Every structure is written in C-alpha cells, then in structure tokens.
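Following: one structure in structure tokens, then a few remarks.
Each reported figure results from applying straightforward, stated rules to the coordinates on display, with no laboratory input. The structure displayed is predicted, hence computed values, not measured ones. Don't worry about glycine lacking a Cβ; one is built from the backbone with ideal geometry, like all the others, and counts go over all protein chains shown.
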Amino acid sequence: MDTTLRLALLLTPVMLMNGCGQGGVSFSDDIQPIFAKSCISCHGETGEGAMASDYLMTDYNGVMKGTSYGPVVVPGSRMSSSLYLVIAGKTAPEIRMPPHNDESFAEGRGFMLSAETIEMVGLWIDQGAKNN
Ligand code: HEC
C-alpha cells in the first residue's frame with residue numbers, strides 16, 4: 001500500500017477522536033471556557049490586551065472580529081491564524097499569549113497553555129472556527 005494512503009488511514013480515527021463528541025470541537029463547550037479562563041482577564045472590556053490591541057474576546061463575534069489591524073482567526077487554517085500562532089509559541093516571544101516572555105515570567109504571570117488546549121484551539125480553527 002502507498003505510504004501516504006496508509007498514513008491517512010492510520011490518522012483518520014485519531015483525528016476523529018481528538019475532535020470529541022460528534023466529531024467536532026464546539027465553541028461554546030470547548031473553546032469559550034479556555035478563553036474565559038486564560039484570556040478574558042486581559043481581553044475583556046477594560047483589560048490591558050483589549051486596550052493595547054483592541055482585541056475583545058468576551059464573545060464569538062469579538063473573537064472573530066480581531067484586533068484594530070483585522071481578523072486573527074482564518075477559518076480552516078490554524079497556520080494562517082495569528083490567534084493560534086501566538087498561543088502555540090510560533091511568534092516572537094514578546095507577543096506570545098498568554099504573555100510568557102521573560103518579562104512576564106519575572107512578574108510571575110507568564111504561562112503557556114497546555115499542549116492539549118493549544119491543539120483544541122487549532123482543531124477548532126481547522127474545522128472552520130464555527131459558532132457551534
Ligand atoms: C496578561 C494579559 C494578557 C493575557 C492573559 C492575554 N493577552 Fe493577548 N494581548 C495582551 C496584550 C498587552 C496585547 C497587545 C500586544 C502588543 O500588541 O504588543 C495582546 C495581544 C493579543 C493578540 C494580537 C496579537 C497581534 O497580532 O498583534 C492576540 C491574537 C491575543 N492577544 C490573543 C490572546 C489569547 C488567545 C489569550 C488567551 C490564551 C490572550 N491573548 C491572553 C495581553 C494579554
């Protein structure tokens with residue numbers, strides 16, 4: 001059997017399982033709680049992230065609207081979505097989220113999301129970043 005096909009057959013069930021429940025990540029059940037716990041303290045109405053970047057994450061519309069420079073979620077492509085890139089540590093340290101650059105660590109507030117949480121957000125974006 002062709003290697004690519006074999007790999008696809010092997011990976012398909014894993015991808016379906018990762019997607020949970022009915023095979024999809026849910027914004028309200030899976031994603032919003034992550035943002036509420038780790039982002040809204042700064043990206044809520046009066047937080048420093050909201051002030052600095054104009055990025056309000058309190059509801060789906062805010063998450064999709066993005067910053068003053070435009071959207072940070074490109075439905076279907078985590079690698080084109082700066083929201084994913086900043087949490088996955090794929091950007092310059094200064095703009096990783098939640099802030100975990102040297103300065104944030106020194107101030108005792110630097111932390112990174114768990115690998116599972118980052119993957120969940122990535123899957124949600126890859127599955128179309130739906131309001132489900
Ligand atoms: C401790 C406060 C704080 C927390 C917590 C925080 N942010 Fe931020 N965020 C900021 C600040 C400040 C900026 C503006 C950074 C800048 O432009 O220099 C920002 C900017 C951003 C941006 C825009 C980056 C860009 O393209 O310029 C995104 C996307 C973002 N945050 C996502 C998140 C996500 C997702 C979380 C939760 C996992 C989160 N942030 C948690 C403070 C925070």
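About its Cα centre, region 23-126 has a charge dipole of approximately 180 debye under the convention of +1 per Lys or Arg Cβ and -1 per Asp or Glu Cβ, with nothing else charged.
If you take the Cα centroid of region 63-132 and the Cα centroid of region 20-62, the two points sit 10 Å apart. Here's the picture: charge each Lys and Arg Cβ at +1 and each Asp and Glu Cβ at -1 in region 23-126, and of T46, A36, G70 the one pushed furthest to the positive end of that dipole is G70.
Computed extension length for E119-T46: 23.5 nm, one decimal, from 0.36 nm per residue of separation with the Cα-Cα distance subtracted. Residues whose amide H lies under 5 Å from that of T67, counting only those 5 or more places away or on a different chain, are V72; hydrogens are built 1.01 Å from N in the peptide plane.
Averaged over residues, the count of other Cβ atoms within 10 Å places the peptides 44-54, 113-123 in the sequence 113-123, 44-54, highest first.
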